[in-house]
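Down below is the structure, laid out as structure tokens.
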Amino acid sequence: MPCGATAPAENWRRAGRLLEQFSELRVRRKSTATRSILCFAALQVRPALCFVLALLAQKLCHLFVKCSRLDPVSHSSASPAPARAVKLAPSILSCDFSRLGEELQAIAGADWAHVDVMDGAFVPNISFGLPILAAARRASNLPMDVHLMIERPERYLRDFAEAGADSITVHVEATQHIHRAVQQIKELGKKAGVTLNPGTPLEAVRPLLADVDLVLVMSVNPGFGGQKFIPASTERVRTLRGWLDEVNPQAELQVDGGVTPANARLLAEAGATCLVAGSAVYGADGGAAGVQRLRDALA
């Protein structure tokens, strides 16, 4: 079409629409100059030239829209806040048992007290049993979160429930009838949890996810406190969080082993909702300070 023809009304409409888009974007930088170009084109130049400028302005418009949608936080080195509130469950395995009552009072600012029971058979260590749990129950109002690292745990579920457990977690490797054990815990009126060792494939717990209140990811090989965190555990947490969100989003996802202020936030961002920590809590400055350090790391 000849350059001086009046037919390219579509070009004018396009330029007008682009002007409206720029006004809505309210882009402070560069937008004034761009609008000036468009206004000059619309009022003083021929339609063909206006069409060329309109195409250029459209490219700029798309660029500005893309920039305006960028999350300003993405340019910062700060990590996003965890999507869920994270509970803290200090493990009393690391406390001074000669001062059990005082040690429990020191962690009163936590959410749960984690009770690690080991039999010397399922794991290569013996910790404590029913009398310590009963004593802890008398000394603290915190929910008692019992982790049974024992063979055939179904033999003792009633005993631990009666001794003061609020939740009981059992290993998929420790019994041939894990579904039955979960059902028994619930029949006793307690929250039921399942866990697995670091070397056990996650698929071992997947059939149980819809039926449990808690899934525990062991991030060290169970049996001893003070071990170093296994880095691959973070991805296991992320995978389990995705599975739980599909079938049982209210279930707690707990991590136990090598948890410190240095990795607490990373685990929370991966989907953990409860962190167990022993030596990271019961340090030289006491349990209360240890709990606060983890709270600060999660803030």
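The table for this structure:
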item	result
Identity of the residue in segment 120-160, more than 26 Å from Thr200 (Cα to Cα) and among the polar types (S, T, N, Q), that ends up surrounded by the most Cβ atoms within 10 Å (Cβ to Cβ)	Ser140
Selection status of Gly257, assigned by TED's automatic domain parsing to the domain that holds Leu104 and at negative phi	no
Extreme residue, nearest to His114 (Cα to Cα), among residues of segment 192-242 that are in a helix (DSSP H, G or I) and β-branched (Val, Ile, Thr)	Val237
Top-ranked residue in segment 56-91 [being of a type in the set (Val, Ile, Thr) and out of contact with any Ser or Thr (no Cβ under 9 Å at 6 or more places or on another chain); ranked as modelled with the lowest pLDDT]	Val73
Hey, Arg295 of a type in the set (D, E, K, R), farther than 19 Å from Leu93 by Cβ and either in contact with a helix residue (DSSP H, G or I) (Cβ under 6 Å, 6 or more places away or on another chain) or without any contact (Cβ under 8 Å) to a residue 12 or more places away in the chain (or both) or not	no
Hits in segment 269-299 (condition: buried (at least 24 other Cβ atoms within 10 Å of the Cβ), touching a Pro at 6+ places or on another chain (Cβ under 8 Å) and not in a loop (DSSP other than H, G, I, E, B))	Val276, Ala277, Gly287, Gly290
Flag for Ala161 being in the same structural domain as Arg236 (by TED's automatic domain parsing), more than 29 Å from Ala232 (Cα to Cα) and either aliphatic (A, V, I, L, M) or part of a loop (DSSP other than H, G, I, E, B) (or both)	yes
Test set (1) assigned to a loop (DSSP other than H, G, I, E, B); (2) under 22 Å from Pro124 (Cβ atoms) - His147 fails condition number	(1)
Every pair of residues 6+ apart whose Cβ atoms lie under 7 Å, when the first sits in segment 178-203 and is in the same structural domain as Ala232 (by TED's automatic domain parsing) and farther than 18 Å from Val217 by Cα while the second is small (Gly, Ala, Ser) and modelled with pLDDT of 95 or more	Ile185/Ala192; Lys186/Ala192; Leu188/Ala161; Lys190/Ala161; Lys190/Ala165; Lys190/Ser167
Filter pass, Ile132 being part of a helix (DSSP H, G or I), within 29 Å of the chain's Cα centre (by Cα) and assigned by TED's automatic domain parsing to the domain that holds Ser279	no
Where Ala163 falls short, out of the listed (1) surrounded by 15 or more Cβ atoms within 10 Å (Cβ to Cβ); (2) farther than 24 Å from Ala121 by Cα; (3) more than 20 Å from the chain's Cα centre (by Cα)	(2)
Residue match in segment 112-119 (condition: touching a Pro at 6+ places or on another chain (Cβ under 7 Å) and either assigned to a strand (DSSP E or B) or over 29 Å from Asp285 (Cα atoms) (or both))	yes
Tabulated pairs, segment 259-274, first within 13 Å of Thr239 (Cα to Cα), second among the basic types (Lys, Arg) and in a helix (DSSP H, G or I), C-beta under 6 angstrom, 6+ apart or interchain	Ala270/Arg238; Gly271/Arg238; Gly271/Arg241
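The values are calculated or read from the model by the stated rules, or taken from the named source; none is laboratory data. Treat the numbers as computed from the prediction; the structure is a model and nothing was measured. Note that each Cβ is placed from the backbone with ideal geometry, even for glycine, and that neighbours are counted across all protein chains shown.
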